[in-house]
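The values are calculated or read from the model by the stated rules, or taken from the named source; none is laboratory data. All values reported here derive from a predicted model rather than from experimental measurement. Here the Cβ positions follow ideal geometry from the backbone for every residue, glycine too, while neighbour counts run over all protein chains shown.
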Amino acid sequence: MIGFDTSVFPRLDPRHPDSFHEKIRAIQECFEAAGDLGAVKQAARLFLEEFDRIDPFIQSYTELVCPFCGTVCCAQIHGLPEFADVIGFHALGHSVPAYDLTRDLNGPCQFMGTRGCLLPRTQRPYRCTWYFCDPLLVQIEIGPTSHYRHFIEMVQALAQARGELMRAFFPIWDRYAKSLL
Ligand code: SF4
Ligand code: SF4
C-alpha cells in the first residue's frame, strides 16, 4: 500500500493565519499528550532512511539543472506545509519552522537562500521533494536506465514510508481530536 490520503487531516490555510498556527499548535499538543508513540517513532525511522537514500540523488540533479533555471519553482506557497508535513517534522524530532504568513504567497519562498533551500530536506514540505519539473525529469530520463529505475523505486519507497507514518499517527490524532469535542 503506497501513500496515505492526507485529506483526512485538517487543512492548513495560510490565508487564515490564526487557524493555521492554532492547528500547528494542536499537532504539537497531540504529540505531547500521546502515550505510546512506538509505532510512530518506528515509522519515522524508516521515513528518515528513505529521505537519506533519495537526498543525494536529487541533490546531484538539482545542482546540475537548477542554476540554469529561469522560472524557479520555490514560491512562498510551496514552502508552507500541509498538516501531514508538520506531523512528519514532529515525528522526526524537528522544530516547526517559523512561517511568515505576511509574505506574498506567489513571491520567493522565505527559505530560499543564495545556494538553494536553507532547510534540511526533512524539514521542508513533502512536495519540495517529490516535485520534479520537466527539465529535471528529462535530465534523469536521459541518464542510464538503471539510474531512472532506481529513482522511481526511491520515490515510491519514500511515499510508502510517509504513508506508514501517517497511518501510524492517524489513530492518535483521531482520538486526540475527538477528545477536544
Ligand atoms: S526544480 Fe526545476 S523549476 Fe525548480 S528551480 Fe530547479 S530547475 Fe527550476
Ligand atoms: S525547497 Fe525550500 S526554498 Fe524551495 S519551496 Fe521548499 S522550503 Fe521553500
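In this structure, is Q59 within 12 Å of ligand 2 (Cβ to nearest atom) and at pLDDT below 95? Outline the logic, then answer.
Working: within 12 Å of ligand 2 (Cβ to nearest atom): yes; at pLDDT below 95: yes.
Spelling it out, Q59 is indeed within 12 Å of ligand 2 (Cβ to nearest atom) and at pLDDT below 95.
So, in the range 110-140, of the ones that are within 15 Å of D85 (Cβ to Cβ), within 12 Å of ligand 1 (Cβ to nearest atom) and surrounded by fewer than 17 Cβ atoms within 10 Å (Cβ to Cβ), which residue ends up modelled with the highest pLDDT? So that I can check it myself, show each step before the final result.
Our first condition is that a residue be within 15 Å of D85 (Cβ to Cβ); within the range 110-140, this holds for 111, 117, 119-131.
Narrowing further to those that are within 12 Å of ligand 1 (Cβ to nearest atom): 117, 127-131.
Checking the rest, the ones that are also surrounded by fewer than 17 Cβ atoms within 10 Å (Cβ to Cβ) come to 117, 127, 130-131.
On the way: C117: 93, R127: 96, W130: 92, Y131: 91.
So the residue we want is R127.
Just so you know, in the range 41-72 the residues that are polar (S, T, N, Q) and within 14 Å of ligand 1 (Cβ to nearest atom) include one that is surrounded by the fewest Cβ atoms within 10 Å (Cβ to Cβ), and it is T71. Answer yes or no: is there a residue in the range 4-12 that is buried (at least 16 other Cβ atoms within 10 Å of the Cβ), outside any loop (DSSP other than H, G, I, E, B) and more than 15 Å from the chain's Cα centre (by Cα). Among the residues of the range 4-12, not one is buried (at least 16 other Cβ atoms within 10 Å of the Cβ), outside any loop (DSSP other than H, G, I, E, B) and more than 15 Å from the chain's Cα centre (by Cα), which makes the answer no.
Looking only at helices (runs of 4 or more DSSP H) that fall completely inside the range 17-134, which ones have 2 or more residues that are without any contact (Cβ under 8 Å) to a residue 12 or more places away in the chain and more than 29 Å from Q156 (Cβ to Cβ)? It would help to see each step written out before you state the result.
Values: elements: 17-33, 38-65, 76-79, 83-91, 127-130.
Of the helices (runs of 4 or more DSSP H) lying wholly inside the range 17-134, those with at least 2 residues that are without any contact (Cβ under 8 Å) to a residue 12 or more places away in the chain and more than 29 Å from Q156 (Cβ to Cβ) span 17-33.
Is the range 87-94 home to any residue that is surrounded by 16 or more Cβ atoms within 10 Å (Cβ to Cβ) and touching a Pro at 6+ places or on another chain (Cβ under 7 Å)? Even if it seems obvious, please write down each step before you answer.
Here is the first cut: in the range 87-94, the residues surrounded by 16 or more Cβ atoms within 10 Å (Cβ to Cβ) are 87-92.
From the residues that got through so far, the ones that are touching a Pro at 6+ places or on another chain (Cβ under 7 Å) too are none.
No, the conditions are met nowhere in the range 87-94.
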